[in-house]
Amino acid sequence: MRTDKIRNFCIIAHIDHGKSTLADRLLQMTGTISDREMTEQVLDSMDLEREKGVTIKASAVRMLYSAKDGESYELNLIDTPGHVDFNYEVSRALEACEGAVLVVDATQGIEAQTLANLYLAIDSNLTVLPVINKIDLPSARPDEVADEVGSLLGFPPEEILRISAKEGINIDQVLEAVVRHIPPPRGDENEPLTALIFDSHYDPYKGVVAYIRVMQGSIRAADTLRLMAAQTDVKPVEIGIFSPNMKPTERLTVGDVGYVATGLKTVQECRVGDTFTSAATPAKAPLPGYRHPKPMVFAGIYPVENDDYSDLKDALEKLQLNDASLVFVPEKSQALNFGFRCGFLGLFHMEIIQERLEREYDLDIIVTAPSVEYEVVTLDGAVSRIDSPAQLPDEAIIQEIREPWMNLQIFTPTEFYGTVMDLVTKRRGSYKSQEYPAPNRVQLNFEIPLSELIVDFFDDLKSRTKGYASMDYSFLEYRPGNLVRLEIMVGGEPVDALTAIVHKEDAYHKGQRLVTKLKDIIPRQQFDVAVQAASGGRIISRANVRAMRKDVLAKCYGGDITRKKKLLEKQKKGKRRMKMVGSVEIPQEAFMAVLRLEED
Amino acid sequence: MEPVAVYLHIPFCQTRCGYCDFNTYAGVQQFIPAYVDALCREIEQVAAAAPAPLAGKTVFFGGGTPSLLSSPQISQILRCLSSNLDLSGCAEISLEANPGTVDEERLAGFLEAGVNRLSLGMQSANPAELSILDRQHQPGDVQAAVAAARNAGFANISLDLIYGIPGQDMDSWLKTLRAALELLPEHLSLYCLTVEEGTPLEEQIKNGSVQKPDDDLAADLFTAALELLNQDGFERYEISNFAAKRGGLLMTCAHNLTYWRNQPYLGFGAGAHGCADKVRTANVKPIPAYLSAVTSGKAKVFPAGPAAENIHCQSDWEIIEETMMLGLRLTGEGISARGFQTRFGRSIESLFPRQIQHLTARGLVEWDGETLRLSQQGSMLGNQVFLEFVGNRPPPDFQ
């Protein structure tokens, strides 16, 4: 296929605006996949993705399309992850494209991620093709949304395609527009090879499969390739294209999207953003923009039963095979014994890992309250980074604690302006500026400590704005804060996993609330259990969980043993979710209680 | 086949008590004659389907209010039983009765029919508490019923008491206990009031019209009862059950012991449960459904009768777990290591080493190598013990 008959594009959208459904229709329409094979949303292969309705990992697929001009085109559709936690992966996927189909929901209009993704696409110099989806819905307002999108992009509103991916309306127009408006790839087949890795997955037989876009030159199956950032050479097991399943080919040339099966054992060795070149005739420089994504949110993950430690380790290693952003190191907690300190791109990423450990690996785990990474300056001037409150050194030698601050954009209908402002200021955020990118919509720009964002911020935002607001955030800088350690003791023993770093002004109030909460959460045990909060060497709150005196089912009525047994099994199930700390059983919720101090 | 205990469920009540979530119905007493016929038919069918002739070791009329049946009706059922099961070794035939539903003549009739143990639902000696429980009788009715039963010739009487009633204090509870002891019963059952889901009592507590019973107070009440009954010569042999001695004999309830020892029993009547030949059964609950199932249906594979809606085959491991959970309720005899070994071919320690060690360390059970039983504290925190023995996987070497 000649380069001018290739179109590389992606679909970008806010969550639930119909990106995956449109991808499905394009695959069907081009005959890439038969109706029979069509399971819904082919591109999202993980169950969790389907449930959460978002794409976690990108994928790519080649479609062949006979356009109305009589020519046959190769259309490479690159699917992008749909959540802010995966912004870097999105940006690499966009680099592999020349154009982007921007899907906007005809009932919702422009949302925060519509904008965030649009800006990313514009940064990557993509040709943006706006499409208004869900025109079949009774609440659709395509004209209004077309005006919004038109004025945002400087695009004539009447030329914006109006489709329903779900009902298959006007899908052919999307394909035609891709061919007509999105430019073919540029590049020179005779230049030294540069190929961008925009995604990868681990295959047990072929090792890490890198998803690539050839920017310059070409690859033959027999070539030895070099990863320019990792500085390793690989002899590919095979190269090929996705149609939509992996199909080996002899050659990938400039403009092509395909894969290189590397035989490498971990995705960490072959990271998204790295550049393949030829080992024999290497390019002078790698493609720009390589970045090692840094975890932002940290939490301890512990097995409920100490015996499950090695199973948990195996499971994390397996997850890491496919997830270069997941990091973990062994951690020992006095309270929870052996476990792992894990780093995540964001809270959403953390939830996915937690759920997969529980569901796919059937593990009973305790996840401690998430923390950000603090910078601690000690009196001797040394700076260290800690990602767990338990690692905080003695207060006497601390000169300063710095915490990460974020740029936060919130996009909301103007009617919620007040409540959004209130939410952010309550959480120590400060207002920077505002924009009105669409009628009745405001984008508010803030700066806010990350620690305030990771605690139910998004849920709170959603409930305050009836689900209409959306948000996006990115790292700004480290700033000093008036922060102190809040320590919790249960039964006289400090429980390191319950330690929190809080703003000094909040310490007293939060300590009291935490103790009250824990008193309710910790079930009565065989003996009295004291729950105390301490900060700055002082006990600031104390409560007592009184000993349980009676716990026995009364009557064995008429020989109905089944019912009794069921009650006991239910009680036992509850116990399984608890962790023995010393001689006290502490439920999982207790470790998350520190997060929910502002509620009720 | 070893002799079985026979449970007969009589689901009729004059009114339904607010705390009760048993399978009972008020205001449908017109069904009693048909129900008695159906019971007989169910007994015949199950006996006919049994792989070998059946023998009964105890019979228990439970409810509901079995004393709403006339003595000819009780007699009809017992005659049917004895023509279908060998009752020659049956030493105990119990009947639950509500004070206020029985007089001497009726009781004499029951005795005549074969009933030899009477279990009276006394519950409380405090009129206000009886009213909270929706019980229809007055404290005086209990004395009258016991006197009538003694006159009629009953030598084995048990009284049920409830503690932890909203508003009940120590004083009132001790009065109830003393009133019960004055009647010189052979047996006492002390049940803690449980607020069951979906009962009117639960609703009253939710809406605040009735005060929620306090667990700690209930513990105090029970502890006081232990002391008082002990002084009075009663022996606690199960978590909630106490027996007096008569002629050197402990007057335990042989029928209920069958459940706790996890031995076979057959259940007849609406919603009745049975367990024999490694099968647990439960009958349909509503009276009309039961009547039509028995009238039109056929007995299924023994022990499931025509009205069985749940039939569960037990694995050997389940039987072992249930034997532990039930046997540990027997605060006196506990679980005998030798008996366990004989029955299952494995020792308790080899199957539950972790549990025994853990619970002994917590002071909840006592284990001397021969008997495993609840400690004093364990008998107050029985669930903490039982749940260690349910829902486990069998050890790898268990087949």
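The values are calculated or read from the model by the stated rules, or taken from the named source; none is laboratory data. These figures come from a predicted structure and were not determined experimentally. Note that each Cβ is placed from the backbone with ideal geometry, even for glycine, and that neighbours are counted across all protein chains shown. Surface areas here come from the heavy atoms of the whole protein model, side chains and all, with no ligands, DNA or RNA. Shrake-Rupley method; radii C 1.70, N 1.55, O 1.52, S 1.80 Å.
Report the calculated FRET efficiency for B:S83 and A:R359 (r = Cβ-Cβ distance, R0 = 41 Å), to the nearest 0.05.
Computed FRET efficiency for B:S83 and A:R359: 0.10.
Using alpha carbon centroids, what distance separates the range B:323-357 and the range A:341-414, in Å?
49 Å
Okay, helix-only estimate at 222 nm for the protein assembly as shown: each DSSP H run of n ≥ 4 adds -39500 (n - 2.57), divide by all residues, round to 500 deg cm²/dmol; what do you get?
For the protein assembly as shown, the value works out to -9000 deg cm²/dmol.
Interface size between chain B and chain A, please: total buried accessible area, 1.4 Å probe, rounded to the nearest 100 Å².
In total, this chain pair buries about 3400 Å².
Please state the equivalent ellipsoid semi-axes for the range A:217-303: what are the square roots of 5 times the Cα gyration tensor eigenvalues, largest first, in whole Å?
Three semi-axes, in Å: 27, 17, 13.
Roughly how many nanometres apart are two label points built 7 Å out from the Cα toward the Cβ at A:K466 and A:T3?
5.3 nm
What's the angle, to the nearest 10 degrees (0 to 90), between helix A:417-426's Cα axis and the longest principal axis of chain A?
Rounded to the nearest ten degrees, it is 50.
Enumerate the amide H contacts of B:A272 below 5 Å, restricted to partners 5 or more residues apart or on another chain; note that Pro and chain-start residues carry no placed amide H.
Here B:N283 satisfy the definition.
Which percent of the accessible heavy-atom area of chain A goes to carbon and sulfur, probe 1.4 angstrom?
Within chain A, the accessible surface is 48 percent carbon and sulfur.
Averaged across the residues of B:267-278, what count of C-beta atoms belonging to other chains lies within 10 Å of each residue's C-beta?
Going residue by residue through B:267-278 and averaging, the value is 2.
What does the average come to when, for each residue of peptide A:542-550, you count the partner chain Cβ atoms lying within 10 Å of its Cβ?
Per residue, the number of nearby Cβ atoms from other chains is 4 on average.
So if the hydrodynamic radius of chain A is defined as the Kirkwood radius over C-alpha pairs, what does Stokes-Einstein give as its diffusion coefficient at 10 °C and 1.306 mPa s, in µm² per second?
Diffusion coefficient, whole number: 60 µm²/s.
Roughly what % of Cα-Cα distances in chain B sit above 30 Å, to the whole percent?
44 percent
Go from 0 up to the bin containing the longest alpha carbon distance in the range A:297-364, width 10 Å each, and give me the % of pairs per bin.
22, 60, 18, 0
Taking θ as phi - 60°, what are the ³J(HN,Hα) couplings along the range A:108-116 by the Karplus curve (6.51, -1.76, 1.60), each to the nearest whole Hz, with x for Gly and Pro?
Result, rounded to whole Hz: 9, x, 6, 10, 4, 7, 4, 5, 4.
A:M548's amide H: which non-local residues (gap 5+, or another chain) put their own amide H closer than 5 Å, with H modeled 1.01 Å from N in plane and none for Pro or chain starts?
Amide H neighbours of A:M548: A:Q525, A:Q526, A:F527.
Per residue, what accessible area does the protein assembly as shown have, given a 1.4 Å probe and all protein chains present, in Å²?
On a per-residue basis, 41 Å².
In peptide A:563-573, how many Cβ atoms from other protein chains are near each Cβ within 10 Å, on average?
Whole-number average of other-chain Cβ neighbours for A:563-573 is 5.
For the range B:43-116, take the alpha-carbon Rg, divide it by the Kirkwood Rh, and send me Rg/Rh.
1.01
On the protein heavy atoms, probe 1.4 angstrom, tell me the percent of accessible surface of chain B carried by carbon and sulfur.
50 percent
Under Stokes-Einstein, with the Kirkwood radius over Cα pairs standing in for Rh, what whole-number D in µm²/s applies to the range A:380-471 at 10 °C and 1.306 mPa s?
107 µm²/s
List the residues whose amide H sits under 5 Å from the amide H of A:I586, counting only those 5 or more places along or on another chain, with H placed 1.01 Å from N in the peptide plane.
A:K579, A:M580, A:V581
Of B:A47, B:A272, B:A219, which has the largest mean-square fluctuation in a 10 Å C-alpha GNM of chain B?
Judging by the Gaussian network model, the answer is B:A219.
Using 0.36 nm per residue, how much length does the chain from A:Q334 to A:H509 gain when fully extended, once their Cα-Cα distance is taken away?
Result for the pair: 60.4 nm of gain on full extension.
Give the residue list of chymotrypsin sites (Phe, Trp or Tyr not before Pro) in the range A:180-235 that are DSSP loop and have at most 11 other beta-carbon atoms within 10 angstrom.
Sparse-neighbourhood loop chymotrypsin sites (Phe, Trp or Tyr not before Pro): A:Y205.
Return the sequence-ordered ³J(HN,Hα) values of the range B:61-74 in whole Hz as given by the Karplus equation 6.51 cos²θ - 1.76 cosθ + 1.60 applied to θ = phi - 60°, using x for Gly and Pro.
Rounded to whole hertz, the list is 8, x, x, x, 10, x, 6, 6, 6, 7, 5, x, 5, 4.
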